[in-house]
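Heads up: the structure comes next, in structure tokens.
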Amino acid sequence: QVQLVESGGGLVQAGDSLRLSCAASGRTSSTVYMGWFRQAPGKEREFVAAIRWSTLGTYYPDSVKGRFTISRDSAKNTVYLQMSSLKPEDTAVYYCAARTGRFYYSDYRQYDYWGQGTQVTVSS
């Protein structure tokens with residue numbers, strides 16, 4: 001089992017920056033990918049970023065590439081999502097997730113463990 005706890009959400013204005021944190025505990029040695037996803041009301045959960053635990057390779061969709069950065073602090077077992085140049089369309093609940101299998105890092109249905117989510121609201 002892997003436990004994930006997100007923090008750092010809030011209300012910001014368009015153009016601002018925000019950093020989300022995801023503290024992982026439990027059997028983190030089984031983790032292959034850590035990912036961030038978001039879900040706006042009435043929409044499907046959307047891939048935002050992923051990091052491969054062993055190689056620190058990072059992956060982003062075009063919608064956030066160049067604005068969002070995922071990183072990991074191995075000493076703290078914490079994954080961060082640094083978000084900059086935020087837009088109103090970035091408003092959503094952001095979830096941290098862990099996947100123990102290979103590939104499919106952008107498919108939320110392939111992730112095994114999830115945090116409770118943290119709300120990010122970007123006002124125009």
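Brief remarks on what is shown
- Residue that is nearest to Ser63 (Cα to Cα), among those in the stretch 21-30 that are out of contact with any Ser or Thr (no Cβ under 6 Å at 6 or more places or on another chain) and either touching a residue at least 12 places away in the same chain (Cβ under 8 Å) or part of a strand (DSSP E or B) (or both): Cys22
The rows are residues; the columns are (1) in contact with a helix residue (DSSP H, G or I) (Cβ under 8 Å, 6 or more places away or on another chain); (2) within 16 Å of Phe37 (Cβ to Cβ).
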site: Ser63; (1), (2): no, yes
site: Val93; (1), (2): no, yes
site: Ala97; (1), (2): yes, yes
site: Asp107; (1), (2): no, yes
site: Asp112; (1), (2): no, yes
site: Gln119; (1), (2): no, yes
site: Ser124; (1), (2): yes, no
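- For the stretch 31-51, filtering for residues that are in contact with a Ser or Thr (Cβ under 9 Å, 6 or more places away or on another chain), of a type in the set (Gly, Ala, Ser) and open to solvent by 20 Å² or more (accessible area, probe 1.4 Å) leaves 1.
- Taken over the stretch 1-14, residues that are open to solvent by less than 30 Å² (accessible area, probe 1.4 Å) and either touching a helix residue (DSSP H, G or I) at 6+ places or on another chain (Cβ under 8 Å) or not charged (D, E, K, R) (or both) amount to 4.
- Candidates Tyr111, Tyr94, Tyr33, Tyr59, filtered to the one that is farther than 17 Å from Leu4 by Cα, at pLDDT 95 or above and among the hydroxyl-bearing types (Ser, Thr, Tyr): Tyr59
- Every condition in (1) open to solvent by less than 50 Å² (accessible area, probe 1.4 Å); (2) small (Gly, Ala, Ser); (3) in contact (Cβ under 8 Å) with a residue 60 or more places away in the chain is met by Ser17 except one, and the failing one is (1).
- Candidates are the residues of the stretch 65-89 that are touching a residue at least 24 places away in the same chain (Cβ under 8 Å) and part of a loop (DSSP other than H, G, I, E, B); the one that is nearest to Thr100 (Cα to Cα) is Asn77.
- Hey, Leu81 of a type outside the set (Val, Ile, Thr), more than 19 Å from Ser123 (Cβ to Cβ) and buried (at least 18 other Cβ atoms within 10 Å of the Cβ) or not: yes
- Scanning the stretch 36-64 for residues that are within 16 Å of Tyr104 (Cβ to Cβ), in contact with a strand residue (DSSP E or B) (Cβ under 6 Å, 6 or more places away or on another chain) and in a loop (DSSP other than H, G, I, E, B) yields Arg45, Tyr60, Pro61.
The values are calculated or read from the model by the stated rules, or taken from the named source; none is laboratory data. These numbers were taken from a predicted model, which means no experiment stands behind them. In this analysis, Cβ positions are derived from the backbone assuming ideal geometry, glycine residues included, and neighbour counts consider all displayed protein chains. For accessibility, only protein heavy atoms count, side chains too; no ligands or nucleic acids. Shrake-Rupley method; radii C 1.70, N 1.55, O 1.52, S 1.80 Å.
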